[in-house]
Amino acid sequence: MNANLATVTIDVILDRHSAKEVPTAILHSILFHRLFGTVKPQTFEVLDVTMPGVSDPEMEQLVTEKVDIFWKGIESGANKRGQIIVTFSEKKAKKSWFQVYVGEEEVPWEQWIVNVEIRQPKSEDRQEFNANIASTLLKALNVMLTHTSSERGRTAVPLITNATGISPFPIKIVVKVGGAELG
């Protein structure tokens with residue numbers, strides 16, 4: 001693993017009603033801040049919080065697929081905690097022992113870890129619970145903006161040498177529930 005890997009962690013506590021829309025909005029917001037191609041923006045309204053997103057069929061399918069895998073993993077087991085991990089990498093020349101080129105390898109330069117816990121609030125606590133989720137979304141947006149505009153966040157981004165497509169860097173999204181990787 002890359003010792004200089006920038007890692008950003010976002011913790012959210014959700015209920016079943018928000019277990020799909022909140023992770024979807026968070027993942028879209030991360031992608032919005034880290035895709036360097038021409039991005040067509042869209043927004044997600046979640047509990048009166050407007051989150052930026054990416055209007056791109058490939059990215060939308062990737063996010064939907066991973067959130068669905070997360071949801072099914074949470075629903076099917078006793079474990080109500082999971083992670084959705086977004087890793088941005090760059091392709092570098094892989095060299096053998098004697099500096100002979102042997103292909104390319106993906107070297108991660110930034111990782112976003114979204115820790116999710118599902119709880120079921122009592123009906124009388126619903127308003128406060130939703131207010132806490134909205135507050136968490138605002139904090140998550142603040143973390144994204146602060147990190148991506150910080151010196152560390154800017155210097156983590158490798159030199160863009162191939163500017164084709166929506167992202168010059170490989171993106172991997174991994175879902176874990178109860179420590180086990182799914183999908």
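Below, the figures for the structure above:
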{"read-out": "Single residue of the range 120-140 satisfying the filter (open to solvent by 60 Å² or more (accessible area, probe 1.4 Å) and either in contact with a helix residue (DSSP H, G or I) (Cβ under 8 Å, 6 or more places away or on another chain) or small (Gly, Ala, Ser) (or both)) that is farthest from residue 176 (Cα to Cα)", "value": "123"}
{"read-out": "Filter result (touching a Pro at 6+ places or on another chain (Cβ under 6 Å) and free of Cβ contacts under 8 Å to residues at least 24 places away in the same chain) within the range 17-32", "value": "32"}
{"read-out": "Selection count where residues are in a helix (DSSP H, G or I), open to solvent by less than 80 Å² (accessible area, probe 1.4 Å) and in contact (Cβ under 8 Å) with a residue 24 or more places away in the chain, scope the range 141-183", "value": "7"}
{"read-out": "Hey, residue 107 β-branched (Val, Ile, Thr), in contact (Cβ under 8 Å) with a residue 60 or more places away in the chain and either open to solvent by 20 Å² or more (accessible area, probe 1.4 Å) or closer than 17 Å to residue 14 by Cβ (or both) or not", "value": "yes"}
{"read-out": "When residues of the range 15-72 are limited to those that are open to solvent by 60 Å² or more (accessible area, probe 1.4 Å) and hydroxyl-bearing (Ser, Thr, Tyr), the one nearest to residue 134 (Cα to Cα)", "value": "50"}
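Conditions (1) of a type in the set (Asp, Glu); (2) under 18 Å from residue 137 (Cβ atoms); (3) more than 17 Å from the chain's Cα centre (by Cα), marked per residue:
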{"position": "22", "(1), (2), (3)": "no, yes, no"}
{"position": "52", "(1), (2), (3)": "no, yes, no"}
{"position": "63", "(1), (2), (3)": "no, yes, no"}
{"position": "78", "(1), (2), (3)": "no, no, yes"}
{"position": "84", "(1), (2), (3)": "no, yes, no"}
{"position": "93", "(1), (2), (3)": "no, no, yes"}
{"position": "105", "(1), (2), (3)": "yes, no, yes"}
{"position": "119", "(1), (2), (3)": "no, yes, yes"}
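The values are calculated or read from the model by the stated rules, or taken from the named source; none is laboratory data. If you're wondering where the values come from, they're calculated on a predicted model, not measured in any experiment. Please note: Cβ atoms are built from the backbone with ideal geometry, for glycine as well, and neighbour counts cover all protein chains shown. With ligands, DNA and RNA removed, areas are computed over all heavy atoms of the protein, side chains included. Shrake-Rupley method; radii C 1.70, N 1.55, O 1.52, S 1.80 Å.
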